[in-house]
Amino acid sequence: MRLRTKFLLSLVVVTASLTCATLLVVRQTAGLHAVQEVRSDALNTLHTFRVIQHEHQIALARRADLLATLAMMRSGDASTVNETGEDPWQSDEFDLMVLADSNGQIVALHSTIPAFPRAAAQYSLRRSLSQKATSGWWYSGSRLYQVALQPFYEGDDQSHPLGTVVVGRGVESAVQGLAPSHSSRVLFRYDQKFLASSLSPSGEQSLARQIGKELFTEKIKLDDDVFLAASDKLSSDGSVSITVLKSYTESSRYLRNLNWLLGGLGLLAVIGGGLLGFIVSDRFTRPLDSLVEGVRAFERGDSSYPLTLGAPDEVGLVTEAFDRMRRTLDKNAEQKQELENQLRQAHKMEALGRLAGGVAHDFNNVLTVIKGHSDILMDRLPESASLRASASQIEKAASRAAALTRQLLAFCRMQVLQPKVLDLNSLITDACSLLKKLVREDISFTFQPGSPLSTVRVDPNQIEQILMNLTVNACDAMPKGGQLTVSTRNVTVEEKFARARSPMKPGEYVLLSVSDTGHGMDGNTKARIFEPFFTTKEQGRGTGLGLATVYGIVKQSGGCIWVESQPGKGSCFEVYLPAVNSPADQQSTEKSPESRSENAEVVLIVEDEDEVRALASEFVSSAGYRVLTARDGKEALEVAGKSKEPIDVLLTDVVMPNIRGPEMAKRLKGLLPELRVIYISGYVEHGAENEELADAFFLQKPFSRASLVEKVHEALHSPRPLATPII
């Protein structure tokens, strides 16, 4: 079956189904509305009768009051009723007037034809008086009256009534005025007997069998017609009630006409839908034929088959999408090659990072030996010695090499940070003297500290490195001078802002901003600004590691960095550091003594490099401590087990063969709970966890004699590490 035929049949079926469903809903809704309208009309009729009854009751009460006043003036004379009943101006609106004495005996009665039997009137009066009613319903045996009772008294003494006046009105007038106006049949019931009914006797008998006790009785069949019956009680005991019959004839006639109309509309809708489906399917399948030929040509390898483009409909959009897909697939070979090149470059950068970390680790061991022995030479050579200058040059060269090593570790994120909770404003203020030395005279330097400023948990040395690198980069961007501004402030990063600067997360941050008025950067430069070895400077003026180092430090510190720049409008580097809710760490001002007594603490030094181990042993022993050494973790456990004296401090490398430093320290602390641990390392290998270095002190390689001795002293006398190293 062709697509056109399938589309046409589907459209016809859908159109017919929707049309039938719509017509059924409309028919059902119309039927419910018709029934609801019949109910509403019946209730309105009852409500109208209640209003008429209330007005009649008020009129009867007023007339009874006037008649009682007249009877009181005449001392209950029976002629009062007779004269009033014979007066047409006073008796036209009332069908019954009764005067009774103080004993409840009727002394005068006037009623219109048919006459109200005195016995029935006496019975109704006694019942009303016994109920102390002022209104009610009286039945004469053939006619129902709405009555009002009014006692009258002699003078102001109301304890002994002289008699009672009753004024009544037949219900026929209410029925005659009510039924024609609402197209309803109204009838009254007294003790299950229908009164004032417009129904035939057979209709009344049929109605008595079908009517229920509820307010509404649906679908009562009377005289070949169907009615809805609505009833209401008129007396408190339920003996008198009114029933309104509302015919369904008009509603049924309306629904039949509606059925024919909806059926015709449904048939026209199906026919029209079929014609429309044929026209639409013919119009749409013709362009599809051309598209199908193009797809088949593409399957044969021909991507140059001409397609009809530019049509504004969906088929045109599909055709354009297929054409774009053809062009995209033609470029797949080039894109695949480009992606392979990028993947190889990423692997190269990862390998370079690992190589840099490994080289930095070995280089740090070499620098530790060089720097340590240069310290020893500087200490032992007199000021006048000719070799002292050479020793000083060796120490300076080792320090520069150590700085380069730290940059390599920062780039590959393998350095060990020693974070502290600090106030960034205080740190920048202390570093301003150094930063101003890096700024040329034609550049204006300004620091704008934010206040108040939350604390951050960072490595202060690495933050200084960030400031130095960003300052040097800003100065190079302003060869003709300009303005350099460093500022800090608290910021709250919300969800929308964080999504725009992924992978930043919402939360509280401290913003460190370094902005300049230099030549700025375009979009391509900004996209590569943090790549290692990428530089816009001329040959020989930059290594391309400055901003890559900044990026590595910020990421390793748990922050984010963002740059805003436009050509000719300068640049602004924004460093977001997570804020912490704790006070700044207090720096220890206690200095370690140069020497110790003979009964000093025991220090176990574990280092796999013999030269570094020997140098550290010499430094520690020269300060008066007793030293034990081991070349790896396994030997350290053996030395600790054989030692007769408790070991106070463990000085160990992190990365060692056999047993790593943290694992060995964990075992020794199980034996010596009071053992203090100091890690010495230039980097931590990939995959190491921060918890391994928790509750320990850390010393960065290469170290000097003073820094090593001071760290041992700090470990022995500080209650906890001032900063837990992280990687």
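Which Cα, out of T492, M478, M521, lies furthest along the positive dipole direction of the stretch 424-580 (beta carbon charges, K/R +1, D/E -1)? It is M521.
In which sequence would F278, F619, F363 go, from the one with the fewest C-beta neighbours within 10 Å to the one with the most?
F278, F363, F619
A Förster radius of 25 Å combined with the Cβ-Cβ distance from S643 to E663 puts the calculated FRET efficiency at roughly 0.80. When only alpha carbons are used to place a centre, the stretch 607-662 and the stretch 92-136 end up 128 Å from one another.
Given +1 at the Cβ of Lys and Arg, -1 at the Cβ of Asp and Glu and no other charges, the dipole of the stretch 424-580 around its Cα centre is 180 debye to the nearest 20.
When peptides 562-575, 17-30 are sorted by average Cβ neighbour count within 10 Å, with the highest value leading, the order is 562-575, 17-30. Just to verify a number: FRET efficiency for R118 and L32, C-beta to C-beta distance, R0 = 60 Å, to 0.05? With R0 = 60 Å, the Cβ-Cβ based efficiency is 0.65.
The magnitude of the dipole of the stretch 601-640, with charges of +1 and -1 set on the Cβ of Lys/Arg and Asp/Glu and taken from the Cα centre, is near 200 debye.
Coupling constants for the stretch 657-666 follow from the phi torsions by the Karplus curve (6.51 cos²θ - 1.76 cosθ + 1.60, θ = phi - 60°), and in residue order they are x, 6, 10, 5, x, x, 5, 5, 5, 4 Hz; glycine and proline get x.
In the stretch 602-717, a dipole from Cβ-located charges (positive for Lys and Arg, negative for Asp and Glu) runs towards its positive end, and of V712, A696, P662 it is V712 whose Cα lies farthest in that direction.
Between S304 and V14, residue separation times 0.36 nm minus the direct Cα-Cα distance comes to 100.5 nm. Each residue, R388 and L24, gets one label point 7 Å from its Cα in the Cβ direction; the gap between the two is 10.9 nm.
Measuring r between the beta carbons of A297 and D522 and using R0 = 41 Å, the FRET efficiency lands at 0.45.
Of the peptides 608-616, 302-310, the order by per-residue mean of other Cβ atoms within 10 Å, starting with the highest, comes out as 608-616, 302-310.
Each Lys and Arg adds +1 at its Cβ and each Asp and Glu adds -1 at its Cβ; summed about the Cα centre, the stretch 602-717 shows a dipole of about 340 debye. Once the Cα-Cα distance is subtracted from the 0.36 nm per residue extended length, the H160 to D101 segment shows a gain of 20.1 nm. Taking 7 Å steps out from each Cα toward its Cβ at V359 and E204 produces label points 12.1 nm apart.
Readers should treat all values here as calculations from the given coordinates under stated rules, not as data from a laboratory. The structure presented is a predicted model; accordingly, all values stated were derived computationally and were not measured. Because the Cβ atoms are built from the backbone with ideal geometry, glycine has one as well, and the counts that use them run over all protein chains shown.
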